[in-house]
Every structure is written in C-alpha cells, then in structure tokens.
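Peer 1: Dropping the structure in here first, questions after.
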Amino acid sequence: MILRGTLGHPLVRRLLEALFTLAGVAVLVFVMLRAIPGDQITATLGTEAAALTPAQRAALETYYGLDQPLVVQFWTWLGSVLTGNLGASERSGRSVLEMTANSLPITLELAVLSLVVGLVLGVGAAMLSASRPDSARDAAGQAVALAGLSVPAFLLGSALLAVAARFLGYNPNAEQFAPLVADPALNLQQMLMPALVLGFGLAAPIMRTARSALLETRTLDFVRTARGKGVPPRRLQVRHVLRGALVPILTMTGLQFGYLLGGAVVVEQIFSVPGIGRQVLIGIQQKEYAVVQSTVLVIAVTFVLVNLATDLLYRVVDPRVRAT
Amino acid sequence: MNSPVLEVHDLAVAAGRKHPVEIVHGIDLTLRAGETVGVVGESGSGKSVTMLALMRLLGEPLHISRGHVRFRGQDLAALREPEMRSLRGREIAMVYQDPMTSLNPFMRVGDQVTEALLVHGVDEGKATARCLELFARVGIPDPARTVRAYPHEFSGGMRQRVVIAMALALRPALLIADEPTTALDVTIQQQILGLVAELQQEMGMATIWVTHDLGVVARLVERVVVMYGGHVVEDAPVAQLFAAPQHPYTERLLASLPNPTGERAPLAQIPGRPPLPSEHVEGCAFRPRCPQARDVCAMPPPLVDRAAGRAACWVPPHEWSA
Ligand SMILES: Nc1ncnc2c1ncn2[C@@H]1O[C@H](COP(=O)(O)OP(=O)(O)OP(=O)(O)O)[C@@H](O)[C@H]1O
Ligand code: SF4
Ligand SMILES: [Mg+2]
C-alpha cells in the first residue's frame, strides 16, 4: 500500500520517468556508436587497422571487449560510465571526464546567461506588445520576434563578431578564454556576445508565447477582481497578469533548452568558447570516438536533467500542481 | 440618510466601437446611503454588465456609451482612471458571481485580502492584522493558518468568504453583490447571504443585490429593480412589488416563484426567451413574450411613476386580461 502510494506520487513518477529516459539515452548512444561503420580498433589505428593480421585483430578485440556479446559490452560500458570512466582522448590522453569537468560548467554558464537575456528580452517585449495589442508598438515587437525566429545563430553570431571586431575594435573572444573564477571581468566580456546571440534566438519564441499568455490572462476573472480592489497598473501587470502567464512562459523556456544546447555548439565555435559543444565538434573533427560518445551522453543527460528541473519548477510556480 | 449615494442616469453600455451593439439601454437607478436594493432579471438581461459599468471594470469590447454615474457628487463615467482606481475597493466594492474564478490561483488568500488594503495606503503591519480580523469576521476558521492557503485549497463557500473579506476590508460606502451565491450549494447559499446581510447592517453600506431569483433577495432588500433585455422595466419597494406588480414581466417572475412547499408552478414559466443584444425589438422589449401586448406596445414605453414605484409599460394592471 505504502509503496503504491509512493509510486503514485507525481513527483516519484516523474523521477522514475527521468530514470527510464536516461536508460534509454544510454542505450541509444551505445547503439549509435556500434552502428557507425568501423569499430574502436579502426578508429584508434586508422588505416593501419587494415594491416593487422587476424591474430593481432583478435587480440585487440579481446582487449577492447569486442569479442563479447553486445549485451555484455553494453553492461561493461554502462558500468564504467556509471563509475565515472568516460574514456579518454587518444590524442591528448586526457580523460573525457576531466575535459567535461572543464567544458560543461562553461556551457552551463553560457546557457544561464542566454536564458537571462532571452527571458528579459522576450518577456519585456511581450509585456510592451501586450499592453497595447495591435498598436505600432505591438507590430514592432512582433516583427523583431519574427526576425529572431528566422535569423540563424551562426549568421547573427558571425555578423556581430565582424561588426564588433572590425568596426569597434572590440573582440574579447580573441584572447585566451578566461574561466569565470579566474577572471570574472574578462570571462563575462567573452560570454557577452555568445549569450546575446543565443539569448536573442530564445527571446523570439518566449516573446510569442508570453504575448499570447499575457493577453489571455488579462481577460481572466481574477485580474478583474484585482482591478476591482484598486490595484494600480504596474502591480496588476506584474503580480497578477505576468504571474498568471508564468506557467506557459516557463514551459516554452524549458522546451527551448534543447535549442540552447544545439545553438551552443555553433556559437561556441564562432566565439572560441571552450564549452561542451566545442568538445563534441573537435571530437568529430579529430575522429575521437570515445570523446564524441561520452560527450553526447553528457549532453543528453544534461538535457534530461534540465527537463526534470523544469517540471519541478512548475511545483514552485503553480500552487495547484504543488498540492498533488 | 436621504441623500443619494448613487445616482445612475441613462447609463448605456455597448459592445464594439465601429459597429457598436447596445447591451444596456439607458438605465436609471438611485441608492440612498445604507439602502439595500435588489436588481433582478433573467440570465442575459444585462445585470452584470451594468454593475461592471458602475465600477468601470468593463473589459473590451464593452464600454459605457452614454449616461452618468453620480457617486457622492462625482460622475464616475467621466472620472479619470487613476481617480476611479482610488475609489475601487475603498468606496465601492464588489463580490463576484463565481468564486472559483474570481481569486488569483497563484496568490495566498491572505495576501489577496491584504493587497486590497496595501494598495490604498494601509501599512503592511496594520493590513496583516486587519486581514486576520476580517477572516475571523467572515467565518473562516483558524485565520492564522488559513491566510497562508491558496484558493484551490478552499471550497467555493470559503472562497466567497475571502472575496467578501476583500470587498469589505475598507468598509466601502457601496457594495455590489453580483449573484454571490449562484455558484454555491443551497445550504452554503443561505450562509453566505446571511453573512453579507449581517455585515451590510453592521457597516451600514448601501448594497446592490444582483440576482435572477426574486425569492432570494425578497427578505434582504428594501427595493427591487427589475431588468429585462437591458432595460429597467420596474422599480418599486419590495412589499409593493410583491403585492401589486406594475409590469407584466414582474408579474410573470412572481408567478414563477416556488410556492412555500418549494415547488414551482410549471405553467408559470415565461414562454420564449429574452432578446439577445443583437436582436432589435421594435417598441417594448418584452412584447414578443408579453401576455398583455397590444398595438401601442410597438412604441418603447418610458419608465414612469406608478403607485409607490416606477414601471415601463403602456398597460396598467387594472387593464390586464387574466
Ligand atoms: N464581452 C461581451 N461582448 C459582447 N457581449 C457581451 C459581453 N459580455 C456580455 N455580453 C452580453 O451582454 C448581455 C448581458 O450580459 P450579462 O452578463 O450582464 O447578463 P446577466 O444579467 O448578468 O446574466 P446572468 O444572470 O447570466 O449573470 C448578454 O446578452 C451577453 O451576451
Ligand atoms: S408595454 Fe406592452 S408589451 Fe411591454 S410589457 Fe407592457 S403590455 Fe407588455
Ligand atoms: Mg451576471
């Protein structure tokens, strides 16, 4: 009974769901790598693999565990991943865990900054638009949002970099990347342009969702009740209308996190930010299969965890969900 | 006591600006200080729209298209929004039809009551204390704990008590109760009606009771205003209205009231339905359903003094056919 009660709790169910998703992600990443032509031996030795004698090859297969059934290989791999062994770069010899420990926080910082930019721009523009629907102000807001939706990050990023570097002579990203703790001032400057580019892309869908959510919330009875109490416009907009529109805005923001991780790959490349996106790209360029495999896994896990966090946030934002 | 608190003259509400459709067609209504008046009419007769117009709370596309709302000497219909805002909640307050939707689901109920005080300049400490007092007064148990609840944790009746606490927080001179009990269970209805009536007497505010059920307000009000299709068709002291209705619509409404055993006379139902705002009825709006209609009714009847009240009908009761 108690167990059933616990399992029935939405929070527990959500956690189990996340666990299943993670397991699925692990399988997918594993299978994807087996499906790619060539194996670890070819990947490691390159064309030299062709020169291996069958005996040498068999020895290597035993060494890498490739002679084991796939299921056993999967369990072995999963076991090592779970104990923190994500493999190592063949080229530099650095472990992927160590590389990720450096790059993931950078991407997360970029993501948080972009979210801030996206929310401030998106919700701000939506509030301006919604305050006078169908006015010139609304039209301008929507036009900018449309631009944000249609201009790809690589274009906007390159353009921004070109303008800043060439005409303003400002390019903090040309310098060696500074981690946040080492040199916050330089770090934030280096994060500025990438966060603006990613944030602008985020702002567009947030703006559209927020605008319609705000317009709808405005007409609800409880907003009229607040007006009936004599609540002044600013307080009304923030405490009642925006508060009421927060759930759809949050949902949209959560959905955009995937875009954010994808966009990070591009933007980190343009602005030489050594984040996790760049780690994947370099891995691919240098045919470092272990690096790519583990990094993709890390990104997927991050994505699942962020979705979980978004769901948990609902409980903070909506007291009705909190109650269940 | 005799000076009117509220004088509504020729108040009209229309929907849309380009091709406006008039919904309320020039209402007259007067309330003296401390007076209780019932506004009665079928669903769609324009009761809520009129009340929201008094509060200047109409949402797009509705707007006041003509008329005056004189409240303590000021014309609310012409007041600038910031001035109107300072009256809302402080001088005029409203209890709404549906307590399930009229509270902010994201805000603690206590905060919603406190907010009514804060926005009118009461300081935080006083507001919090007054909120606890109000919760106790409107019969919400354990205020110290329940102020922290969210609306969904409350039943409809309890939510309506919160709305009432909110409306009465600053002891307004005029309270508008727009069918505060229609969404509630019958037993709860009586409690809520009793509560508002009690508080009304205690605070001595003028009160408008809106209802579609004459029986509900008969005991609570001194005067009844009957609305039909966006018009006031009769306005009379309650005893007079029940004893000798001056308008055929009022007469039909009374006939459809349940008898003391609680049954409704099935034949007394008024056949047909009220006109929609978009349907133009030539002359008297009640004509298509009126058992007394005759040729003269093709002209709109004015609201004229009749016995102790006023009625808008060409045919006086002594000329009515049975
Ligand atoms: N926003 C709106 N736009 C257009 N017409 C409206 C709007 N709101 C209300 N109306 C119309 O105004 C008329 C009067 O509505 P109102 O809500 O005042 O009726 P009511 O007397 O309060 O009825 P009930 O007893 O159901 O509450 C109705 O015919 C309704 O369709
Ligand atoms: S004016 Fe004519 S139609 Fe209208 S209520 Fe009186 S008798 Fe009926
Ligand atoms: Mg109504």
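Peer 1: For region B:192-203, indicate whether the set of residues that are under 30 Å from residue B:314 (Cβ atoms), more than 14 Å from chain A (Cβ to nearest Cβ), crowded, with 22+ Cβ neighbours inside 10 Å and away from ligand 1 (no atom under 16 Å from the Cβ) is non-empty.
Peer 2: No.
Peer 1: Testing residue A:135 on (1) free of Cβ contacts under 8 Å to residues at least 12 places away in the same chain; (2) open to solvent by 40 Å² or more (accessible area, probe 1.4 Å), one condition comes back false. Which one is that?
Peer 2: (2)
Peer 1: Next up: Only one of B:73, B:67 is more than 13 Å from every other protein chain (Cβ to nearest Cβ) and within 19 Å of the chain's Cα centre (by Cα); which?
Peer 2: Just a single option satisfies the conditions, and that option is B:67.
Peer 1: While we're here: Give B:183, B:239 a once-over and let me know the one that is small (Gly, Ala, Ser) and more than 16 Å from ligand 1 (Cβ to nearest atom).
Peer 2: Among B:183, B:239, only B:239 is small (Gly, Ala, Ser) and more than 16 Å from ligand 1 (Cβ to nearest atom).
Peer 1: Which count do you get for residues in region B:212-232 that are within 13 Å of ligand 1 (Cβ to nearest atom), closer than 26 Å to residue B:283 by Cα and β-branched (Val, Ile, Thr)?
Peer 2: 3
Peer 1: Being open to solvent by less than 70 Å² (accessible area, probe 1.4 Å) and more than 16 Å from ligand 2 (Cβ to nearest atom) is the filter; apply it to region B:260-277 and report the residue that is modelled with the highest pLDDT.
Peer 2: By that ranking, first place goes to B:277.
Peer 1: Looking at (1) touching a Leu at 6+ places or on another chain (Cβ under 8 Å); (2) within 14 Å of another protein chain (Cβ to nearest Cβ), which is the one condition that is false for residue A:303?
Peer 2: Of the numbered conditions (1) touching a Leu at 6+ places or on another chain (Cβ under 8 Å); (2) within 14 Å of another protein chain (Cβ to nearest Cβ), the odd one out for residue A:303 is (2).
Peer 1: Only one of these conditions is not met by residue B:288: (1) more than 26 Å from residue B:30 (Cα to Cα); (2) not in a helix (DSSP H, G or I). Which number is it?
Peer 2: Condition not satisfied by residue B:288: (2).
Peer 1: Could you tell me which numbered condition residue A:170 fails, if it satisfies all but one of (1) in contact with a helix residue (DSSP H, G or I) (Cβ under 6 Å, 6 or more places away or on another chain); (2) open to solvent by less than 60 Å² (accessible area, probe 1.4 Å); (3) of a type in the set (Phe, Trp, Tyr)?
Peer 2: Evaluating residue A:170 over (1) in contact with a helix residue (DSSP H, G or I) (Cβ under 6 Å, 6 or more places away or on another chain); (2) open to solvent by less than 60 Å² (accessible area, probe 1.4 Å); (3) of a type in the set (Phe, Trp, Tyr) leaves (2) as the failure.
Peer 1: Right, here's the next one. Any chance region B:38-49 includes a residue that's within 14 Å of chain A (Cβ to nearest Cβ) and either touching a residue at least 24 places away in the same chain (Cβ under 8 Å) or buried (at least 22 other Cβ atoms within 10 Å of the Cβ) (or both)?
Peer 2: Yes, there is a match, as at least one residue in region B:38-49 is within 14 Å of chain A (Cβ to nearest Cβ) and either touching a residue at least 24 places away in the same chain (Cβ under 8 Å) or buried (at least 22 other Cβ atoms within 10 Å of the Cβ) (or both).
Here is a yes/no grid of residues against (1) more than 16 Å from ligand 2 (Cβ to nearest atom); (2) over 28 Å from residue B:96 (Cβ atoms); (3) of a type in the set (Phe, Trp, Tyr):
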| site | (1), (2), (3) |
| --- | --- |
| B:233 | no, no, no |
| B:239 | yes, yes, no |
| B:245 | no, yes, no |
| B:248 | no, yes, no |
| B:279 | no, no, no |
| B:300 | no, yes, no |
| B:307 | no, yes, no |
| B:321 | no, yes, no |
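Peer 1: Has region B:248-256 got at least one residue that is open to solvent by 50 Å² or more (accessible area, probe 1.4 Å), of a type in the set (Val, Ile, Thr) and within 16 Å of ligand 1 (Cβ to nearest atom)?
Peer 2: no
Peer 1: Still on this model: State which residue is farthest from the other protein chains (Cβ to nearest Cβ) when the search covers only region B:120-147 and only residues that are outside any helix (DSSP H, G or I) and surrounded by 12 or more Cβ atoms within 10 Å (Cβ to Cβ).
Peer 2: This residue is B:139.
Peer 1: If you don't mind, another one. For residue A:61, state whether it is over 30 Å from residue A:242 (Cβ atoms) and not in a helix (DSSP H, G or I).
Peer 2: no
Peer 1: Let me ask something else. Picking from B:79, B:52, B:31, B:62, which residue would you name as being more than 16 Å from ligand 1 (Cβ to nearest atom), of a type outside the set (S, T, N, Q) and within 14 Å of chain A (Cβ to nearest Cβ)?
Peer 2: So the residue among B:79, B:52, B:31, B:62 that is more than 16 Å from ligand 1 (Cβ to nearest atom), of a type outside the set (S, T, N, Q) and within 14 Å of chain A (Cβ to nearest Cβ) is B:79.
Peer 1: Report the residue count in region A:60-115 for those that are small (Gly, Ala, Ser), under 14 Å from residue A:295 (Cα atoms), open to solvent by 30 Å² or more (accessible area, probe 1.4 Å) and out of contact with any Lys or Arg (no Cβ under 9 Å at 6 or more places or on another chain).
Peer 2: The number of residues fulfilling the criteria is 2.
Peer 1: Output the residues belonging to region B:108-119 that are more than 7 Å from every other protein chain (Cβ to nearest Cβ) and either open to solvent by less than 20 Å² (accessible area, probe 1.4 Å) or touching a residue at least 60 places away in the same chain (Cβ under 8 Å) (or both).
Peer 2: Matches in region B:108-119: B:109, B:110, B:112, B:113, B:114, B:117.
The values are calculated or read from the model by the stated rules, or taken from the named source; none is laboratory data. These figures come from a predicted structure and were not determined experimentally. Because the Cβ atoms are built from the backbone with ideal geometry, glycine has one as well, and the counts that use them run over all protein chains shown. Remember, those area values only see protein heavy atoms, side chains included, never the ligands or the DNA or RNA. Shrake-Rupley method; radii C 1.70, N 1.55, O 1.52, S 1.80 Å.
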